[in-house]
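What follows is one structure encoded as structure tokens, with my remarks underneath.
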Amino acid sequence: MLRKRPQRTCLGCREVKPKRELLRIVRTPEGGVEFDPTGKKLGRGAYVCPKADCVAEIAKTKRLGRALGVEPPPDLISELMRFVEEIERG
């Protein structure tokens, strides 16, 4: 029997994709917001595609803050952009 793969919606493009294809941003139980490259940290998660366009979209809009319930720090977006650029370069 086939197992279902968890699906999540990208905050940038709003497409539903398998959870493992997306980057996770987490609001920790202490209230901090950080990038979770492992996808295993405790807390509320929000997801974005590993594309510069999607990261730019969440930087431009307030979707990430609404999804997590707190405003993310400005350096989080630059950290995500650096990570995505590394992925796109190969």
Which of (1) of a type in the set (A, V, I, L, M); (2) closer than 16 Å to Pro73 by Cβ; (3) part of a loop (DSSP other than H, G, I, E, B) is the odd one out, the single condition Leu42 does not satisfy?
(2)
Any residue that is part of a strand (DSSP E or B) and not hydroxyl-bearing (Ser, Thr, Tyr) - is there at least one of those in region 50-62?
no
For region 23-39, give me each residue that is in contact with a helix residue (DSSP H, G or I) (Cβ under 9 Å, 6 or more places away or on another chain) and assigned to a loop (DSSP other than H, G, I, E, B).
Pro37, Gly39
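Please work out if Arg5 is closer than 20 Å to Glu79 by Cβ, basic (Lys, Arg) and in contact (Cβ under 8 Å) with a residue 12 or more places away in the chain. Before the answer, list the steps.
Numbers: closer than 20 Å to Glu79 by Cβ: no; basic (Lys, Arg): yes; in contact (Cβ under 8 Å) with a residue 12 or more places away in the chain: yes.
The answer is no for Arg5.
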Of the conditions (1) at pLDDT 95 or above; (2) under 11 Å from the mean Cα position of the chain (by Cα), Pro37 clears all except one; give me its number.
(1)
Filter region 48-60 for residues that are out of contact with any strand residue (DSSP E or B) (no Cβ under 9 Å at 6 or more places or on another chain) and either surrounded by 13 or more Cβ atoms within 10 Å (Cβ to Cβ) or without any contact (Cβ under 8 Å) to a residue 24 or more places away in the chain (or both) and give the result.
Lys51, Ala52, Ala56, Ala59, Lys60
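Is there a residue in region 10-24 that is touching a Ser or Thr at 6+ places or on another chain (Cβ under 6 Å), farther than 21 Å from Glu86 by Cβ and without any contact (Cβ under 8 Å) to a residue 40 or more places away in the chain?
So the first thing to find is which residues in region 10-24 are touching a Ser or Thr at 6+ places or on another chain (Cβ under 6 Å), and the list is 16.
Filter again for farther than 21 Å from Glu86 by Cβ, leaving 16.
Now restrict to residues that are without any contact (Cβ under 8 Å) to a residue 40 or more places away in the chain: 16.
Yes, that holds for at least one residue.
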Only listed residue being of a type in the set (Gly, Ala, Ser), in contact with a Lys or Arg (Cβ under 8 Å, 6 or more places away or on another chain) and either under 21 Å from Pro6 (Cα atoms) or touching a residue at least 12 places away in the same chain (Cβ under 8 Å) (or both), chosen from Gly31, Gly45:
Gly45
Matching residues in region 72-89 (free of Cβ contacts under 8 Å to residues at least 24 places away in the same chain and not small (Gly, Ala, Ser)) number 6
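The values are calculated or read from the model by the stated rules, or taken from the named source; none is laboratory data. Being a predicted model, the structure only gives us computed values, none of them experimental. So basically every Cβ, Gly included, is an ideal-geometry build from the backbone, and we count neighbours across all protein chains shown.
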